[in-house]
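In what follows, a single structure is set out as structure tokens and then discussed.
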Amino acid sequence: MPDIRLVNVSRHICRGLNLTIRDREIFVVVGTTGAGKTTLLNVISGVTDYEGSVLMDGRSVDRVPPRKRGVGCLFQGLALFPHLDVFSNIAFGLQAGGVERSVVEARVSSLMEMMRIQHLADRYPHTLSGGEQKRVALARSLAPSPQVLLLDEPTSSLDRQTAKYLRNELIQVLKGLGITTVFVTHDLREAEEIGDRIALMFNGNVEQISTPHDFFFNPVNERVSEFVGMPNIIECTRSRVLASGLVEVVSDDMKMVLPYDGNSIRRIAIPPDEIYLSDVRPPGPALNRFTGIVQEITSLQATVRVRVSVGGKSLLAEMPASAFNEISLEKGKEVYVVIKLRRLRYVES
Amino acid sequence: MEAVWGVFPVLVFLAIWEIVGRLHLFPGQSFFPTFSAVLREFYHLTANGVLGKNFLSSLTRVLIGLSSGSIAGIFMGVLMGWRHIIDKAFNPIISLFYPIPALGWLPLLMLWIGINELLPITIIFICSFFPVVYNTATGIRSVDRRYIQAAETLGASNMRILFKVVIPLALPNIFTGLRLEAGMSWRVLIAAEMVAIPTGIGALLMQAESLVRVDIIIVCLIVLSGMCFIFEKVFALAERRLAGRWSAHA
């Protein structure tokens, strides 16, 4: 599988873009709408003109037409051929490559089995659900055994449950294939789950390329930090394993019990939306529950950010405006702070 | 039940026609024959072969003119829709000739071709060619670019993309042109036959007019109406078979 290098590429919003995607890695591109993510995929696949150069395995493919680049694409709108049934959609690339009929049938059948869509072979795209359509589109893009796979928001416009289900399947399929993959999404959580490395695009430029871990602990600038959600980074002064999979960490006056499989934790990143605030004592045990003083309240469009001092630390919490309106918070007031455990990230000692 | 509601008004219309004809409300019974008299004349014209002979002449002209005009129109429309340079070259000419009514060519063609079988066929060719070019080119051009890009990345050659993706997706547009022209070709033919050709349903109409045979005129009109209807339905059926499963969702 090739590595991909973009050298000084310009197209639409992208100006002088440089980046390298490593062989067999799952490279996730995140960014807001209009950041240039889809343009990046179009440049790599060759379906659009561009300035600059794209190299695959060190060889320029600028003059190579899309059909010869060995790139499989899952377009954002999927672009399943509406006049072909599921089988013919998946077989299209193989037939275009002049593959023998019996081989086409065998390959399509195995792909349908892998994506668990055998029962849909005779159906037309408009009769399928969103999740089924995505599976068919993915099978179609994989059918000609591409060297590079480009996926443009494959889980968007699906309900949360279906998206999660498809995401898990995608991770399995991609890891199994060991294919160089560029995966575009605007969902950072998804990027974290799926990517070997993440690139954040903003206004056509790449702001940061790093491992998911470094995105949270070492954002290179304010923009990345803002996109990541300005996590609260807590340095741990002490940490000990309580039981298998459970660690107690101490940071100044804060003591927390966290699910963790390693030995000890040096640092914790807590996303602001993982901090729950309440003006009344929450029910249940006092585990990971603290009292703090409200320092600052900032109203954004749909959310409200509240800075709270807890045990000598300043934590940033973010909550939906509707949730904020249901509690009574004001500067200087005491508040209960609960750390949720779902999306914490750790640095091991 | 729906079919009954569709047939019912027709039956009422025919009944009123028959009654009004029998009441002799119009001066001179031959100017307003009853429905039964028209049916009798229909049978008579069919039995003596006059209607069949003229109908076959007209049908042959329509089939040759429409099929050659449509095939040429589709070919030209595909080229113009697929290749921008061809569109650029031919669009001004097509735009110039497209608005001219097919019958407007009649005097010129009478002088160039003469009064023979080629004249009505040429008129029908012109009548079908330009609209089919226009609809086909529009259909090809309006195929969503994403489907073409998808086919490109799947390794398809230009020809494969054209024949396996673009033309099939343009079928609804192409058939719209064909369906409209299928009926229109009969209307144009009848007009041409009335003016310049001595055989065919149009010519039979003119002979009936000169003999003040309103019943024959009505028989010819019914045949014309029936053929327009049947031709349009045939193309609608073909469209449904080829693109009906998916065209509404493309």
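The values are calculated or read from the model by the stated rules, or taken from the named source; none is laboratory data. Quantities reported herein were computed from a predicted structural model and do not represent experimental measurements. We place every Cβ from the backbone using ideal geometry, glycine too, and count neighbours over all the protein chains shown. Ligands, DNA and RNA are stripped out before the accessible areas are found, and what is left, the full protein with its side chains, is counted by its heavy atoms. Shrake-Rupley method; radii C 1.70, N 1.55, O 1.52, S 1.80 Å.
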Practice prompt. Go through segment B:206-250 residue by residue and tally those that are within 14 Å of another protein chain (Cβ to nearest Cβ), touching a Leu at 6+ places or on another chain (Cβ under 8 Å) and either outside any loop (DSSP other than H, G, I, E, B) or among the charged types (D, E, K, R) (or both).
Written response: 4
Worksheet, complete the sentence: Apart from one, (1) surrounded by 17 or more Cβ atoms within 10 Å (Cβ to Cβ); (2) in a loop (DSSP other than H, G, I, E, B); (3) away from chain B (no Cβ under 13 Å) all hold for A:LEU78; the odd one out is (3)
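So for segment A:28-40 (the condition being open to solvent by 40 Å² or more (accessible area, probe 1.4 Å) and at pLDDT 90 or above), does at least one residue qualify?
From segment A:28-40, those open to solvent by 40 Å² or more (accessible area, probe 1.4 Å) are A:32-34, A:38; that's our starting set.
Applying the additional criterion that residues be at pLDDT 90 or above yields A:38.
Looking for residues that are open to solvent by 40 Å² or more (accessible area, probe 1.4 Å) and at pLDDT 90 or above, one finds at least one in segment A:28-40, hence yes.
Would you pick out the residues in segment B:167-187 that are of a type in the set (Val, Ile, Thr) and either in contact with a helix residue (DSSP H, G or I) (Cβ under 6 Å, 6 or more places away or on another chain) or at pLDDT below 95 (or both)? Break it down into steps so the answer makes sense when it comes.
The initial filter retains those residues of segment B:167-187 that are of a type in the set (Val, Ile, Thr), namely B:167, B:174, B:176.
Scanning segment B:167-187 gives B:ILE174, B:THR176.
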Discussion item. Quick check on segment A:257-272: of everything there that is of a type outside the set (Val, Ile, Thr) and in a strand (DSSP E or B), which residue is nearest to A:VAL338 (Cα to Cα)?
Written reply: A:LEU258
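Per-residue answers, yes or no, for (1) open to solvent by less than 30 Å² (accessible area, probe 1.4 Å); (2) closer than 16 Å to A:ARG343 by Cα; (3) not assigned by TED's automatic domain parsing to the domain that holds A:TYR336; (4) not hydroxyl-bearing (Ser, Thr, Tyr):
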| residue | (1), (2), (3), (4) |
| --- | --- |
| A:SER251 | yes, no, no, no |
| A:GLY292 | yes, no, no, yes |
| A:THR298 | no, no, no, no |
| A:VAL308 | yes, no, no, yes |
Practice prompt. Return yes when A:GLN133 is touching a residue at least 12 places away in the same chain (Cβ under 8 Å), within 17 Å of A:ILE26 (Cβ to Cβ), open to solvent by 40 Å² or more (accessible area, probe 1.4 Å) and more than 10 Å from every other protein chain (Cβ to nearest Cβ) and no when it is not.
Written response: no
Discussion item. Suppose we keep only residues that are surrounded by fewer than 22 Cβ atoms within 10 Å (Cβ to Cβ) and closer than 23 Å to A:SER129 by Cβ within segment A:175-188. Which one would you say is nearest to the chain's Cα centre (by Cα)?
Written reply: A:ASP187
Worksheet item: Restricting attention to segment B:147-179, and to residues there that are open to solvent by 30 Å² or more (accessible area, probe 1.4 Å) and touching a Gly at 6+ places or on another chain (Cβ under 9 Å), which single residue is nearest to the other protein chains (Cβ to nearest Cβ)?
Response: B:GLU152
Worksheet item: Name the pairs: first residue in segment A:273-300 and outside any loop (DSSP other than H, G, I, E, B), second residue of a type in the set (S, T, N, Q), Cβ to Cβ under 6 Å, at least 6 apart or on different chains?
Response: A:GLY292/A:SER309; A:ILE293/A:SER309; A:GLN295/A:SER309
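A quick yes/no check of all residues on (1) open to solvent by less than 30 Å² (accessible area, probe 1.4 Å); (2) under 19 Å from the mean Cα position of the chain (by Cα); (3) aromatic (Phe, Trp, Tyr):
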| residue | (1), (2), (3) |
| --- | --- |
| B:MET227 | yes, yes, no |
| B:ILE230 | no, yes, no |
| B:PHE235 | no, yes, yes |
| B:TRP246 | yes, no, yes |
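What about A:TYR336, is it in contact with a strand residue (DSSP E or B) (Cβ under 6 Å, 6 or more places away or on another chain), within 18 Å of A:GLU235 (Cα to Cα) and among the hydroxyl-bearing types (Ser, Thr, Tyr)? Please lay out each step first, then the result.
Working: in contact with a strand residue (DSSP E or B) (Cβ under 6 Å, 6 or more places away or on another chain): yes; within 18 Å of A:GLU235 (Cα to Cα): no; among the hydroxyl-bearing types (Ser, Thr, Tyr): yes.
When the stated conditions are applied, A:TYR336 does not pass them.
Can you find a residue that is in a helix (DSSP H, G or I), more than 9 Å from chain B (Cβ to nearest Cβ), more than 11 Å from A:ALA137 (Cα to Cα) and of a type in the set (Gly, Ala, Ser) anywhere in segment A:57-74?
Going through segment A:57-74, the residues in a helix (DSSP H, G or I) turn out to be A:66-68.
Okay, now just the ones that are also more than 9 Å from chain B (Cβ to nearest Cβ), so none.
No, segment A:57-74 contains no residue that is in a helix (DSSP H, G or I), more than 9 Å from chain B (Cβ to nearest Cβ), more than 11 Å from A:ALA137 (Cα to Cα) and of a type in the set (Gly, Ala, Ser).
May I ask you to verify whether B:PRO131 is touching a residue at least 24 places away in the same chain (Cβ under 8 Å), open to solvent by 10 Å² or more (accessible area, probe 1.4 Å), within 14 Å of chain A (Cβ to nearest Cβ) and not β-branched (Val, Ile, Thr)?
no
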Item to complete: Return the only residue of A:ASP23, A:ASP49, A:ASP85 being more than 14 Å from every other protein chain (Cβ to nearest Cβ), acidic (Asp, Glu) and either open to solvent by 10 Å² or more (accessible area, probe 1.4 Å) or over 21 Å from A:ALA143 (Cα atoms) (or both).
Response: A:ASP23
